[in-house]
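The values are calculated or read from the model by the stated rules, or taken from the named source; none is laboratory data. Note that the coordinates shown come from a computational prediction; the quantities given were computed from them, not determined experimentally. Cβ: placed from backbone, ideal geometry, glycine included. Neighbour counts: every protein chain shown. All accessible areas refer to the heavy atoms of the entire protein, side chains included, with ligands and DNA or RNA removed. Shrake-Rupley method; radii C 1.70, N 1.55, O 1.52, S 1.80 Å.
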Amino acid sequence: MTGLSLAGLSWPAVVIRLVAAAGGGGVVCGACLLLRAGGWGRVLSAGRAAALALAIPGVVAAALPGLVSGDPAVRAMLQGFCLVPLVLLAPLRALDRLPPGLTRTAAGLGAGPGARARGLWLPLLGPAGLVALGLAAGGAVLAGVSGGR
């Protein structure tokens with residue numbers, strides 16, 4: 001027997017895990033981007049290294065059935081937060097590969113905030129965001145199927 005069962009796959013718990021993982025990943029990516037804009041150039045590389053080091057232990061912790069006893073919503077939220085390092089891998093790599101003065105150059109060439117978002121940030125970070133959302137969804141379902149209900 002593999003220990004996998006569909007009994008722990010309740011959709012409200014999967015949605016809570018998904019929202020917690022995606023929200024936590026978005027907050028960390030935003031903080032790293034603000035720190036980089038503030039002159040801390042190495043923060044994205046350090047964040048990538050930390051996310052890579054914590055991705056596998058985070059997924060394992062999310063899949064543990066006895067992570068927290070008690071309320072299933074709290075358990076699902078904590079499992080979602082354990083998935084944040086996995087979710088961060090793709091966006092932090094995409095942000096780390098961007099040239100430092102890209103936004104300043106686009107603004108200097110006359111691009112407004114909407115044009116920068118539409119023509120610069122969406123094409124550069126959109127695919128990484130979709131990969132992160134897919135990893136969050138896969139991790140949320142895996143945590144439910146592996147007995148982490």
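Residues considered: 80, 114, 24. Largest GNM mean-square fluctuation over the chain, using C-alpha springs under 10 Å, is found at 114. Label-to-label distance for residue 124 and residue 102 is 0.3 nm, based on points extended 7 Å past Cα in the beta-carbon direction.
Remark: region 78-86, residue by residue, has Karplus-estimated 3J(HN,Hα) of 5, 5, x, 5, 5, 7, 4, x, 5 Hz, where x stands for each Gly or Pro and the curve is 6.51 cos²θ - 1.76 cosθ + 1.60 at θ = phi - 60°. Couplings for region 111-116, taken from phi via the Karplus curve 6.51 cos²θ - 1.76 cosθ + 1.60 with θ = phi - 60°, read 7, x, x, x, 5, 5 Hz in order; Gly and Pro are left as x. Atom-type composition of the exposed protein surface of the chain places 74 percent of the accessible area on carbon and sulfur (1.4 angstrom probe). Taking the helices alone, the chain has a mean residue ellipticity at 222 nm of -23500 deg cm²/dmol, built from -39,500 (n - 2.57) per DSSP H run of at least 4 residues and averaged over all its residues. In the distance distribution for the chain, Cα-Cα pairs more than 23 Å apart total 42 percent.
For the chain, what is the accessible area per residue in Å² when the probe is 1.4 Å?
Details: 8310 Å² over 149 residues.
Accessible area per residue: 56 Å².
The largest accessible area among 32, 82 belongs to the first residue in 82, 32, and the rest follow in falling order (1.4 Å probe, all chains).
The label point for residue 35 and the one for residue 116, both projected 7 Å from the Cα toward the Cβ, are 2.1 nm apart. A simple spin-label model places the labels of residue 73 and residue 27 1.7 nm from each other, with each point 7 Å out along Cα-to-Cβ. In sequence order, region 94-102 has phi-based couplings of 5, 5, 5, 7, 6, x, x, x, 5 Hz under the Karplus curve 6.51 cos²θ - 1.76 cosθ + 1.60, θ = phi - 60°, and Gly or Pro positions carry x.
Computed from the Cβ-Cβ distance with R0 of 25 Å, the FRET efficiency linking residue 50 to residue 10 stands at 0.20.
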